[in-house]
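To start, the structure itself, in structure tokens.
The values are calculated or read from the model by the stated rules, or taken from the named source; none is laboratory data. Keep in mind that this is a model prediction, so the values were computed, not measured. Using ideal geometry, Cβ is built from the backbone for each residue, glycine included, and neighbour counts are taken over all protein chains shown.
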Amino acid sequence: MRERWDPIGQGWAVVTSAEVVRLGLGLVASFVVARALGPADYGVYAVLAAMVGIVGVVAEGGLSEAAVLRLARGVSSGSAFVWLRVGLAGIVVACLCVLAAPLAGLVLGLNDDGSLTRWALLGIVATACSGSVSVLLQAAGAFGRMSTLTLFNTGLTGLLAVLLAVLCQLTILSALVVLGIGTSLATCALGLHVARPDLRPPAAREVRSEGLALVRVGRWLWLAALLAMLAVNLDVLIVNRFVTLEAVGAYALAANLASKANVVNHSLYTVLLPGIAQLTEQKAARQYLKHSLVRSAGVALLIAACVPLAGPFVLLVYGDQFAAAVPLLQLLLGVVIFDVLATPALLLPLAYGRARLMAGADGTRVVTLAVVGTALVPLYGPLGAIAARFASRVAGALVVLGLLARSGDAFKVQHEEATSVPHSG
């Protein structure tokens, strides 16, 4: 039985097991924060979280995924990547902190003088520190140690959330500072102890050379990641423009819980990414799809079984104040199922060295989400946002599969082409 278990499956089992445990720990933090803040303040917290997700990808610059691909091939400098990753995040956050007040009022539509927004932005730098160490472990295939960091971060977040709630100190500000910044810095410290990377400042020439190489590989991956993050968070910002904060809080809770169910899909992506970089022939691609789709189908069935349990769970754990989140969560789980089934096939452009197909697909998702969401949310509220989210997922999948099918080329993976991201096709 052990011989039939493919390496990707082994890695996925390790990461997924950790992610399932993380799901349980994350639900503790989610429950405590939501109950302590209430629907309205939780809505504000969710809008700030959506902003952090989008700006975080901007500050990441496509470096992480590019580093995984390059480090997996043994052609990258881990030290240079870490300094580039944290440095870029610091620059982006510093610029936006200066503009925090107009960002909060004009863009996010929040009643904030910029203080909460600045603390939320600073969390991006802390996340860059811990995330860069996780990238080194991911590229090395050290999924067990990488999962240890994930569990530590989530467990510490849950523990501190409970402690703050018991002390009656759990507010939006303390959640941003303690549960956002503090836990990320603690995770970074543990990661440095576990990985023990050589992070001595590299020479300026090495940083410049590695930076250019990472940009060549990661520019389209960065654009795809940015568009993907917009596709995940834009609906929350749209809902915030047209409904009350209480309704925003209910929708945000449903979206948050649906994302918890999507952790298995995220773990699958984490494990598949290094393997995608090593696909070399059509037979390997078919084998990859076969194993991946079987795993995805099993996960989809498990998520479908959770749909009827959503109502009792939300009412029991979060209380009647979040009852409006129940039907929203059930519908969003359907979107998660679609994502789980589609993910393995949608990663194939990376093996073709055509990362910009993914960027194009995610661009389609964002445009679809913005157009459909803006049209439907004023009429149907959060239900319109869910319809827009599903429409965007379908549109993005059709773009990727349609363009790959239209190419008609035999499966070719040329690592030099994948590194330079060709301009054809």
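See the values below:
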item	result
Among the candidates Val366, Val307, residue that is at pLDDT 90 or above, in contact with a Leu (Cβ under 8 Å, 6 or more places away or on another chain) and closer than 29 Å to Arg219 by Cβ	Val366
Residues of the stretch 207-232 classified as buried (at least 22 other Cβ atoms within 10 Å of the Cβ) and in contact with a Gly (Cβ under 6 Å, 6 or more places away or on another chain), total	4
Some residue of the stretch 69-78 being surrounded by fewer than 22 Cβ atoms within 10 Å (Cβ to Cβ), in contact with a Lys or Arg (Cβ under 6 Å, 6 or more places away or on another chain) and not in a helix (DSSP H, G or I)	yes
Extreme residue, modelled with the lowest pLDDT, among residues of the stretch 236-288 that are more than 17 Å from the chain's Cα centre (by Cα) and among the charged types (D, E, K, R)	Glu281
The listed residue being of a type in the set (A, V, I, L, M, F, W, C), at pLDDT 85 or above, under 16 Å from the mean Cα position of the chain (by Cα) and farther than 19 Å from Ala67 by Cα, out of Leu190, Leu230	Leu230
